[in-house]
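Working notes, structure below.
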Amino acid sequence: MNNSLNTHKMNEILGKVTAAIDESKKEVFDIAENARKENNDLKNELSEVQKNIHVLITEVDKLEILEKKARKRLVEVSKNFVDFNEEDIRDAYEKANQFQINLVLRRQQEKELIRKRSEIEFRLKNSAQTVQKAENLTSKMGIVLEFLEGNIQDMTNTLEDIQHQHILTKRIIQAQEDERQRIARDIHDGPAQTLSNAVIKVEVCEKLIDIDTYRTKTEIDNLKKSLRDTIKDIRKIIYNLRPMSFDDLGFVPTIQQYIKNFQDETDIEVDFIILSKQWTEDKVKNLSIFRVIQEALNNIRKHANASLVKLRIEMTKDYTSMSIIDNGVGFNMEDIDLKDKSESGFGLMNMEERVKLLNGTFEIKSSTNNGTKIFVHIPHDN
């Protein structure tokens, strides 16, 4: 009777919570849609301003040529005024004056448009951040709703197991959503933005090619450099999704390559030692271990302020053990919750969940100004 009452009460509470979250999700979705519309409007406005700037650049270049000719004509008429009548002198003066006025006006318009472009770019950046935050919040609310709307008819009999499974599933889904959003953000802020700018640079080159060869060459050189950087960004994104060397070279060479890149990018020394060479053929385990290393080094890069990392891996036919020790600033263990959804907390939780999914153990030790130690032990299936 008591279990039935508790289940009924829980259903009632969950129903109200679900309805409130669903309503809030709709409101956040509307905010995201409005922010996305504003973002698209700003992009269109920026594109239009860019086109107007390019048109003005062309007009200014032409006006400068005409203004120089008009001034030259005025100097010629003034110097040899006896050879010209009053109307010729007045005409030369008026033309030179008009070209000067037009040139000043066009240059002023160009400055105004450049100022406007900077303002739009600033607003566009803020708008994109708003869209990102709203989408992130909508995604998290969707995960919560999916969890809350599950069937809880027999929940009282196996409450602990069900709760654990749902929480684990929610965390996995959350990790997937965060990874997708990170990839989308990397592509949007990196290659997509650079390629959009490349299109604009090509349009500039089209307009300049018959007017200013040197400037056109400079723009093309900048464009080539930008595209090379974009190719690097795309390759980095692909590598983070799944290192192709994993299939081609194997487990250890992939880790060695990743460590080399990490050292080159951060100037943090990594002392990597293999204690045994009996590798498992389980690709899922190998990839999970690699992801734990990747997440740990990423946390060290962002938060540890370390100069040295010691990475030890021991693989036998029965287990894989690993330790990752840094000499960074460390932290107070009492202040860190592995369920924390902050950036550092989520990284630690991510590693722990990966290890637990493989029936392994995950242990972390740290104290302020004494670095951090991570220990992982994963049994192998016999």
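The values are calculated or read from the model by the stated rules, or taken from the named source; none is laboratory data. Please read these numbers as outputs of a predicted model, since none were measured by experiment. Cβ sites come from the backbone with ideal geometry, for glycine too, and all protein chains shown count toward neighbours.
State all residues of the range 328-352 that are buried (at least 18 other Cβ atoms within 10 Å of the Cβ) and either at pLDDT 80 or above or among the aliphatic types (A, V, I, L, M) (or both); if no residue qualifies, say none. If the condition is that a residue be buried (at least 18 other Cβ atoms within 10 Å of the Cβ) and either at pLDDT 80 or above or among the aliphatic types (A, V, I, L, M) (or both), then Gly328, Gly330, Phe331, Leu348, Met349, Met351, Glu352 are the ones that fit.
One residue stands out among those in the range 273-301 that are among the basic types (Lys, Arg) and touching a helix residue (DSSP H, G or I) at 6+ places or on another chain (Cβ under 7 Å): the one that is surrounded by the fewest Cβ atoms within 10 Å (Cβ to Cβ), which is Arg291. One residue alone among Leu168, Leu159 is modelled with pLDDT under 60, surrounded by 14 or more Cβ atoms within 10 Å (Cβ to Cβ) and either touching a strand residue (DSSP E or B) at 6+ places or on another chain (Cβ under 9 Å) or over 20 Å from Gln50 (Cβ atoms) (or both), and that residue is Leu159. Could you check, for the range 95-109, whether at least one of its residues is surrounded by 13 or more Cβ atoms within 10 Å (Cβ to Cβ) and in contact (Cβ under 8 Å) with a residue 60 or more places away in the chain? Among the residues of the range 95-109, not one is surrounded by 13 or more Cβ atoms within 10 Å (Cβ to Cβ) and in contact (Cβ under 8 Å) with a residue 60 or more places away in the chain, which makes the answer no.
The single condition among (1) modelled with pLDDT under 80; (2) of a type in the set (Lys, Arg); (3) part of a helix (DSSP H, G or I) that Lys217 does not meet is (1). Quick one: would you say Leu311 is in a strand (DSSP E or B) and at pLDDT 85 or above? Yes, satisfied.
On the given criteria, is Ala198 farther than 24 Å from Gly360 by Cβ, of a type in the set (Gly, Ala, Ser) and at pLDDT below 75? Spelling it out, it is not the case that Ala198 is farther than 24 Å from Gly360 by Cβ, of a type in the set (Gly, Ala, Ser) and at pLDDT below 75.
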